[in-house]
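Quick notes on the structure that follows.
The values are calculated or read from the model by the stated rules, or taken from the named source; none is laboratory data. Remember, it's a predicted structure, so these values are computed and weren't measured experimentally. Glycine gets a Cβ as well: all are built from the backbone with ideal geometry, and neighbour counts include every protein chain shown. SASA here: full protein model, heavy atoms, side chains in, ligands and nucleic acids out. Shrake-Rupley method; radii C 1.70, N 1.55, O 1.52, S 1.80 Å.
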Amino acid sequence: VQLVESGGGLVQAGDSLRLSCVASGRTFSIHTMDWFRQVPGKEREFVARMWWSDGNTNYLDSLKGRFTISRGNAKNTVYLQMNSLKVEDSGIYYCSLYSAATATQYWGQGTQVTVSS
């Protein structure tokens, strides 16, 4: 399984960004697709989850109302819409996929999001 993220960049506080993640390879048994983020010196932090079978979602509590995870019309694509961005939202955002078939969590290379004040 390969995951490719895109959509990161440099924005100002209050702006919006939409990240994309496309999964390819043996993706026939996706259980969940998640977004995580990490800043230097800190552990990787869960951001949002899409349960593939029913479309239910979970979020880091502090991000509810500002971030939205969704599935794309294209197969095996997930988005993260980030609104009202804050400086503290800066970091590398990673897409992750858990495969029920292989019981393995796969990771993308990440996309950098920088929010300036």
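The table that follows gives values for the structure above.
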read-out	value
Cleavage-rule hits, GluC sites (Glu not before Pro), region 1-106, DSSP coil, Cβ neighbours within 10 Å at most 13	E43
At R0 = 41 Å, FRET efficiency that the Cβ-Cβ distance of S84 and W107 yields, to 0.05	0.90
Rotationally averaged projected area of the chain (alpha carbon convex hull; nm²)	6.9 nm²
Fraction of accessible area attributable to carbon and sulfur, the chain (%, probe 1.4 Å)	47 percent
Surface per residue (accessible, 1.4 Å probe) for region 7-117, Å²	53 Å²
Loop chymotrypsin sites (Phe, Trp or Tyr not before Pro), region 14-67, which have at most 14 other Cβ atoms in a 10 Å radius of their Cβ (DSSP)	F28
Region 35-82 versus region 2-34: alpha-carbon centroid distance in Å	9 Å
Nearby lysines by direct alpha-carbon distance to K86 (threshold 29 angstrom, same-chain neighbours under 8 apart not counted)	K42, K64
Sites matching trypsin sites (Lys or Arg not before Pro) across region 23-116 that sit in DSSP coil, with at most 15 neighbouring C-beta atoms within 10 Å	R26, K42, R44, R66, K75, K86
